[in-house]
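Student: My structure is below; once you've seen it, I'll send some questions.
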Amino acid sequence: MKRRLVLLGPPGSGKGTQGELLAARLGIPTISTGALFRDQMARGTALGVEAQTYIAQGHLVPDRVTNAMVANRLTQADAARGFILDGYPRNVPQVAVLDGILDQAGTPIEAALEMRLDEDLIVSRLLKRAEIEGRADDTEPVIRARLEVYHSQTEPIIDVYRSRGLLVSVDSLGTIEEVSEAVMRALGLEQLDNQ
Ligand code: ADP
């Protein structure tokens, strides 16, 4: 069974939600860089203070900061049995850094799950989330900036994983349960239902 996964897809495509469901199912952690940054910001750490200005504008936090944070998180004991990366890698250089970390340990990424969603739906979903969660970067101008960053820097990663034969794609349109079933099917996990 695949236990080292990367989630790909635009902001608002449901990576966080589906990542958590999948992680619970597989008994492995999700490693969400966005969540790690929000935790650092809430605690007012030096890393959080540095990340804050970039996140508030919808820009990527510098790779130097992000790569070190992820490398450190991957060394924690719970990641030894596998993990689901959500929000990382987010540009092509981060893919190379991740490869370096994992190749050294002989534990490469086994699948990249792409979640697809229409741009109009993305914006409306994120604006709705803003009302519920109050995330500071879920305002319309910042959402637009994040989408631009996604198209220019993150989308090219999809081809990288596709060319490695690791890409599986699901349509994120539907209820949480429907998308979750599509995710399980795409990863060949539906047989777990019967166990
Ligand atoms: P979303 O996917 O909804 O845009 P995230 O919670 O994944 O939100 O990320 C929030 C913000 O955290 C991003 O807009 C970016 O500023 C920062 N961030 C998250 N992951 C990375 C990363 N891999 N590299 C650089 N910045 C990141």
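The values are calculated or read from the model by the stated rules, or taken from the named source; none is laboratory data. Nothing here was measured: the structure is a model prediction, and the numbers come from that model. Don't worry about glycine lacking a Cβ; one is built from the backbone with ideal geometry, like all the others, and counts go over all protein chains shown.
Student: Restricting attention to the stretch 111-138, and to residues there that are more than 12 Å from the ligand (Cβ to nearest atom) and more than 16 Å from residue 13 (Cα to Cα), which single residue is modelled with the highest pLDDT?
Tutor: 111
Student: So, in the stretch 31-53, how many residues would count as being more than 10 Å from the ligand (Cβ to nearest atom), assigned to a helix (DSSP H, G or I), among the hydrophobic types (A, V, I, L, M, F, W, C) and surrounded by 14 or more Cβ atoms within 10 Å (Cβ to Cβ)? Spell out the reasoning first.
Tutor: If we filter the stretch 31-53 for residues that are more than 10 Å from the ligand (Cβ to nearest atom), which is where we start, we get 31, 39-40, 42-50.
Okay, now just the ones that are also assigned to a helix (DSSP H, G or I), so 39-40, 42-43, 46-50.
Next, only the ones that are among the hydrophobic types (A, V, I, L, M, F, W, C) stay: 42, 46-47, 49.
The next check asks that each one be surrounded by 14 or more Cβ atoms within 10 Å (Cβ to Cβ); those that pass are 47.
Total meeting the criteria: 1.
Student: Okay, moving on. Looking at 168, 149, 142, which is the one that is within 29 Å of residue 26 (Cα to Cα) and either part of a helix (DSSP H, G or I) or modelled with pLDDT of 95 or more (or both)? Steps first, answer last, please.
Tutor: On the way: 149 fails: within 29 Å of residue 26 (Cα to Cα); 142 fails: within 29 Å of residue 26 (Cα to Cα).
None of the other options fit; the residue is 168.
Student: One residue is enough: does the stretch 73-93 have a residue meeting the conditions part of a helix (DSSP H, G or I), of a type outside the set (Ser, Thr, Tyr) and within 8 Å of the ligand (Cβ to nearest atom)? Quick ask: steps written out before the conclusion?
Tutor: Kept after step one, since they are part of a helix (DSSP H, G or I), are these residues of the stretch 73-93: 73-74, 77-79, 92-93.
Then drop every residue that is not of a type outside the set (Ser, Thr, Tyr), which leaves 73-74, 77-79, 92-93.
Narrowing the set further to residues that are within 8 Å of the ligand (Cβ to nearest atom) leaves none.
Looking through the stretch 73-93, none of the residues is part of a helix (DSSP H, G or I), of a type outside the set (Ser, Thr, Tyr) and within 8 Å of the ligand (Cβ to nearest atom).
Student: Okay, next question. Going by the structure shown, is residue 56 part of a helix (DSSP H, G or I), near the ligand (Cβ under 8 Å from one of its atoms) and over 26 Å from residue 22 (Cα atoms)?
Tutor: Spelling it out, it is not the case that residue 56 is part of a helix (DSSP H, G or I), near the ligand (Cβ under 8 Å from one of its atoms) and over 26 Å from residue 22 (Cα atoms).
Student: Based on this model, can you work out whether residue 179 counts as outside any loop (DSSP other than H, G, I, E, B), of a type outside the set (S, T, N, Q) and under 17 Å from the mean Cα position of the chain (by Cα)?
Tutor: Values: outside any loop (DSSP other than H, G, I, E, B): yes; of a type outside the set (S, T, N, Q): yes; under 17 Å from the mean Cα position of the chain (by Cα): yes.
Taking the combined requirement at face value, the residue satisfies it.
Student: Additional query: Among the numbered criteria (1) part of a helix (DSSP H, G or I); (2) without any contact (Cβ under 8 Å) to a residue 60 or more places away in the chain, which single criterion is violated by residue 61?
Tutor: (1)
Student: Taking residue 8 and the conditions (1) without any contact (Cβ under 8 Å) to a residue 60 or more places away in the chain; (2) surrounded by 15 or more Cβ atoms within 10 Å (Cβ to Cβ); (3) closer than 27 Å to residue 156 by Cβ, which numbered condition does it fall short on, given that it satisfies the others?
Tutor: (1)
Student: Report whether or not residue 23 is away from the ligand (no atom under 13 Å from the Cβ), in a helix (DSSP H, G or I), surrounded by 14 or more Cβ atoms within 10 Å (Cβ to Cβ) and under 17 Å from the mean Cα position of the chain (by Cα). Break it down stepwise before answering.
Tutor: Numbers: away from the ligand (no atom under 13 Å from the Cβ): yes; in a helix (DSSP H, G or I): yes; surrounded by 14 or more Cβ atoms within 10 Å (Cβ to Cβ): yes; under 17 Å from the mean Cα position of the chain (by Cα): yes.
So residue 23 passes the test.
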